[in-house]
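Take a look at the structure set out below.
The values are calculated or read from the model by the stated rules, or taken from the named source; none is laboratory data. Not measured: the values here are computed from a predicted model. Cβ: placed from backbone, ideal geometry, glycine included. Neighbour counts: every protein chain shown. What goes into the accessible areas is simple: the full protein's heavy atoms, side chains included, and nothing from ligands, DNA or RNA. Shrake-Rupley method; radii C 1.70, N 1.55, O 1.52, S 1.80 Å.
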Amino acid sequence: MNYEAIIGLEIHAELKTRTKLFCSCKNEFGGEPNSRICPVCTGQPGTLPYVNGEAVRLALRACLAFGCEINRTSKQCRKHYFYPDLPKGYQISQRETPLGISGCFEFISDGQVKCVGIEQIHLEEDAGKLVHRSDGKTAIDYNRAGVPLIEIVTSPELHSAQEVRDFLESVRLRLLRTGVSDCRMEQGSLRCDVNVSLRRAGEAVLNDRVEMKNINTFSGAARAVEHEIERQCKILDSGEAVLAETRKWDDEKRESRLMRTKETAVDYKFMPEPDIPAYVIDEKALTEAGYDIPESDVHRNIRYEKAGISRNDRERLIADVDMSDFFDGCISSSQNASECAKLIVGDVASLLTRENVTLSQSRLTPGMIVEIADLIVSGSLGRGNAKVILSKLLKNGGSVANAAAELMSIDDDAVIEETVKVIIADNPKAVADYKKGKENAVTYLTGQCMRSLRGRANAERLKTILLNELKGEN
Amino acid sequence: MNFDTMTVGQIARMVSEKKISSGEVSKMYFERIRKEDKNFRSYITVCEEEKGEPSGRLAGVPISIKDNICMKGTLTTCASRMLEGYVSPYNAHVVDRLSSEGALITGKTNLDEFAMGSFGDNSALFQTKNPVNVNYLPGGSSSGAAASVAGGMCVAAIGSDTGGSVRIPAAFCGLCGFKPTYGAISRFGLIAYASSLDTIGIVTRNATDAKLLSSVLFGKDERDMTSYDVNIGECEIALGDIRFAFSDKDLEDAETEIAEVICRVRDLLLRAGASCVDKTLFGNAKSDNAYRVLACAEATSNLARYDGIRYGGKSGLDVLRTREELFGEEVKRRIEYGNFVLAKENFEKYFKAAADERTRVIKETEMLFEDVDVIISPLCDFSVPTYSNASSCRADRFTVAANFAGNPAISITAGRDKNNMPVSVQLMSARGCDAKLLSIAEKLEQLLLKEGAV
Ligand SMILES: [Zn+2]
């Protein structure tokens, strides 16, 4: 039997704020257990939440970045359940009037632009963590309690494990580029639950959906989806019905375990949060949250495509926030954008890995890449030498010309002069252009000389000699 | 020192004029507590410690704090076994404000468990007695607050009022009980019972003292997002210029003696030149039920944190057993009802309907106060009950309305019954009109005194 999988996601992302959502404890990761707690985030009797405006701004920013409509009046609510890491016995969350609703998000999967609906984005607090100790006892670390989260709920519009993976990766990049979250998967600052249901191909009726919890990586999400589709297929093929239930994914064992069925589902007893007045979102708040939201990656992809960047280079650039921002610094001032892209995803990327530094830690600038790309395209610099120059610049900075000069070092002016004379003789049209005052004729002639010298001359020296010779022509 | 009549104003003046030092006041009051409190049992914790010579508007003024309000390093029990031994790691906003004005905080007073009760007979720790006459109930839930003032063991008390919890015990003990506009005083550090109804309240001997303390405690506090600045400046209004609402309907079920006292208040006001309209807000069963639904729902939510892990954990029991054993019956009843109204299948019918009713009542109340300055009513339509006859009475018939709509209300003694127990009148006014309400109450007290009514 053929089935179509219908998949929806609930993505939790920690917001990149300085402090927690309702108190002034630092929002950081790691450190001594219970070193970033106070009476408010541990829910001590008598304490009240006071909302961190930065968190609301970032959550709004996320809503705008995912194309949501904004609820101009938005309210927090309480979601009740007992768990040792939940200090108040309820989580402050949102339900009826989340900050954002009815959004949509375009992403690229398998070279195609796809669009998935965003049902809502809401603001809520994280819980603490249970720490199972070696002595068999369980301790509670409340450092994470009260860290601001957004939950992004998608429409059930994804259809395969690969699509889930591509979507999650695109969401991660969007959150990173907008500065909403630092998306550190290994620190759990981006997590997701997956809902999977199947239907017979071509039929409209959906089977009950199964929710999968405890997914910590994108590859884990893909594996969980694949596994769940398979499990449900088997059940349906055997003529049984898939039951609505919540299952816990174990990525190590590659299996899921039943957590609760529909019958044992928890009633969260949602209630409006009386301690926090409703947020009234005005134009000013919207502007502050969204005036500088960067373009979408789908748009970026189109822009790069128009600039002649190959699909492979586009994908690699877009997947790396720093690199694509760096590349955007090149694209605006370069005639040879595709060469710049090639340099960045190729030599630059491998040098950064080798030196174990990030782009911003290195001394490279977009201007350097533009110059080197021009030299390569004009034929005056070989690719091997380009990498040597990049390596020097990355560590020491300086100018491309000097780095190139150090590399070549033909110190004998006579050799250069000889070359210059030959080039002038071979290029009467360029010389004529120069006499008419066309400056780029000099660039062209310099390039020709460099090529002839295999890039081993000092560019400044070469230019001086060339100009002298050209003036002598008069 | 006459402990039975001493007021905040008097002590503040004596200390500022250096007729007495705050150290001497402190010594006298702690001695008084040692001597008297074994009879009345108003304090759970007495905070006797040497302090330097304080300064401020309340320098040396002895004030007690209800034991559901946090004080750093001090036991805070809510008179519940659930919080036995719990020491708060921080100060409530009101404690900070009082301390910064030099007040002498005498200790933490008894209450009905988690502030749930009207009579002061629901503490899980011990029974507080009414200093006016120990055979009568002290009123609740701020039972110890009222008893500590009435017993001369401090001159003012900070309590909390969710449905009358400051006004009722003040009335039963012959004092003035003031519940300000919701949000006028920060709730930060007040252990929540029903967050949207809970209000810090003040028990004093008279409205003048209530005004003085309000001027210290009022004001927006960033730690309580529902707080805001409510004017507490001077408000001069003559009794002859006020327009008040009064309805005989409110006296239909009242004991005769009570009705007489309240009618005399009305007549005195009319004689002073005030005008009266026949309107009332009280006795609406639908809104009283809605109040109960919301109060219990919020209580259920607020008390969810007591799961035996961080508090009450010494019992070594699981969540359910801990709650079963350490919460009192009344608390459990309210939690159970709250769970019922919050259940998914009941939410619309109960919680949502109650919230809608509240919106309606707030509008109705606002409209009434477009016409009048205050509503005059009994505080309670029966006389102070004894231990044996309390259960049949409903003490909060006239008090919940102010909490439901967020209005300020004050109870002052207006007379005595045949057993010489106090009978009180309640004045309620528009939200934010606390200064006006206190001014009217102050003048009415003076008039009643002049007329020999009290
Ligand atoms: Zn904190």
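Please state the shape class of the stretch B:1-153: rounded when a/c is under 1.5, otherwise prolate if a/b exceeds b/c and oblate if not, all from the C-alpha gyration tensor. Oblate is the answer for the stretch B:1-153, as a/c is 1.5 or above yet b/c matches or exceeds a/b. Using bins of 5 Å that start at zero, the share of Cα-Cα pairs per bin across the stretch A:325-474 amounts to 2, 10, 19, 19, 18, 13, 10, 6, 3, 1, 0, in whole %. Hey, what angle do you get for helix A:321-331 against the long axis of chain A, alpha-carbon based, 0 to 90 degrees rounded to 10? The two axes meet at around 30 degrees. Sorting B:Ser275, B:Ser148 by solvent-accessible area of protein heavy atoms yields B:Ser275, B:Ser148, largest first, with a 1.4 Å probe. Averaged per residue, the stretch B:86-126 has 24 square angstrom of accessible surface, using a 1.4 angstrom probe with ligands and nucleic acids left out. Relative contact order, whole percent, for the stretch A:234-338 stands at 13, derived from Cα pairs under 8 Å and 6 or more residues apart.
For chain A, the 222 nm mean residue ellipticity estimated from helices alone, with every DSSP H stretch of n ≥ 4 adding -39500 (n - 2.57) and the total spread over all residues, rounds to -12000 deg cm²/dmol. Calculate the tail of P(r) for the stretch A:413-470: the fraction of all Cα-Cα distances greater than 14 Å, expressed in %. Within the stretch A:413-470, distances greater than 14 Å cover 44 percent of Cα pairs.
Computed on chain B, with alpha-carbon pairs under 8 angstrom and 6+ residues apart, the relative contact order is 17 percent. By the equivalent-ellipsoid construction on the alpha carbon gyration tensor, the stretch A:3-290 comes out with semi-axes of 31, 24, 18 Å, ordered largest to smallest.
In this simple spin-label approximation, A:Gln335 and B:Asp267 carry label points 7 Å from Cα along the Cα→Cβ vector, and these lie 10.7 nm apart.
Calculated FRET efficiency, B:Glu330 to B:Glu451, Cβ-Cβ distance, R0 = 45 Å: about 0.65 to the nearest 0.05. Label reach from A:Val113 (point 7 Å along Cα→C-beta): in the stretch A:50-71, amide nitrogens under 20 Å belong to A:64-69.
Compared with the dominant principal axis of the Cα atoms in chain A, helix A:297-306 is inclined by about 20°. In whole Å, how far is the Cα centre of the stretch A:322-400 from that of the stretch B:324-366? Measuring centre to centre over Cα atoms gives 66 Å.
Of all complete DSSP H helices in chain B, those with a Cα span along the helix axis of 18 Å or greater and a mean Kyte-Doolittle hydropathy of 0.5 or more are B:256-272.
Only Cα sites of the stretch A:207-340 enter the Debye sum here, all with the same form factor; the resulting log10 I(q)/I(0) across q = 0.17, 0.19 1/Å is -0.93, -0.99, listed in q order. Whenever you get a sec, compute what percent of the accessible area on the protein assembly as shown sits on carbon and sulfur atoms (1.4 Å probe). For the protein assembly as shown, the apolar C and S fraction of the accessible surface comes to 48 percent. Figure legend: label point modelled 7 angstrom from the Cα of B:Lys18 along Cα→Cβ; residues of the stretch B:57-84 with amide N under 19 Å from it are B:57-61.
Could you state the number of Å between the C-alpha centres of the stretch B:371-426 and the stretch B:64-108? Rounded to whole Å, the Cα centres lie 28 Å apart. Once you have a ≥ b ≥ c as the square roots of the Cα gyration tensor eigenvalues for the stretch B:233-391, tell me rounded if a/c is under 1.5, and otherwise prolate or oblate according to whether a/b is larger than b/c. It is prolate, given that a/c is not under 1.5 and a/b is the larger ratio.
Overall, the protein assembly as shown carries a charge dipole of about 1040 debye about its Cα centre when +1 sits on the Cβ of Lys and Arg and -1 on the Cβ of Asp and Glu, all other atoms neutral.
Placing a pseudo-label 7 Å from each Cα along the Cα-to-Cβ vector at B:Lys349 and B:Glu234 gives an inter-label distance of 5.8 nm. Legend: P(r) of the stretch B:193-276 from all alpha carbon pair distances, 5 Å bins from 0, whole percents, reading 3, 11, 13, 13, 16, 19, 13, 9, 3, 0.
The stretch A:250-305 and the stretch B:1-46 have their alpha-carbon centroids 57 Å apart. For the pair A:Lys248 and A:Val377, a Förster radius of 60 Å applied to the C-beta separation gives a FRET efficiency near 0.60, rounded to the nearest 0.05. A Cα-only calculation for the protein assembly as shown places Rg and Dmax at 37.6, 129 Å.
Given +1 at the Cβ of Lys and Arg, -1 at the Cβ of Asp and Glu and no other charges, the dipole of the stretch A:413-470 around its Cα centre is 200 debye to the nearest 20.
Per-residue accessible area (protein heavy atoms, 1.4 Å probe) orders A:His122, A:His132, A:His299 as A:His132, A:His299, A:His122, starting from the largest. Hey, what angle do you get for helix A:366-377 against the long axis of chain A, alpha-carbon based, 0 to 90 degrees rounded to 10? Approximately 50 degrees, to the nearest 10.
Over both sides of the B-A contact, add up the buried accessible area with a 1.4 Å probe and give it to the nearest 100 Å². So the buried area, both faces added, is about 2700 Å². Taking square-rooted eigenvalues a ≥ b ≥ c of the alpha carbon gyration tensor, is the stretch A:297-404 rounded, prolate or oblate, where a/c under 1.5 means rounded and, failing that, a/b exceeding b/c means prolate? Since a/c reaches 1.5 but b/c is at least a/b, the shape of the stretch A:297-404 is classed as oblate. Between A:Arg461 and A:Lys137, the C-beta separation translates, for a Förster distance of 51 Å, into a calculated FRET efficiency of about 0.10. All other residues whose Cβ lies under 13 angstrom from that of B:Asn206 are scored, Lys and Arg at +1 and Asp and Glu at -1, for a net of 0. Note on the stretch A:108-148: Cα Rg divided by 2.2 N^0.38 Å, N the number of residues, gives 2.10.
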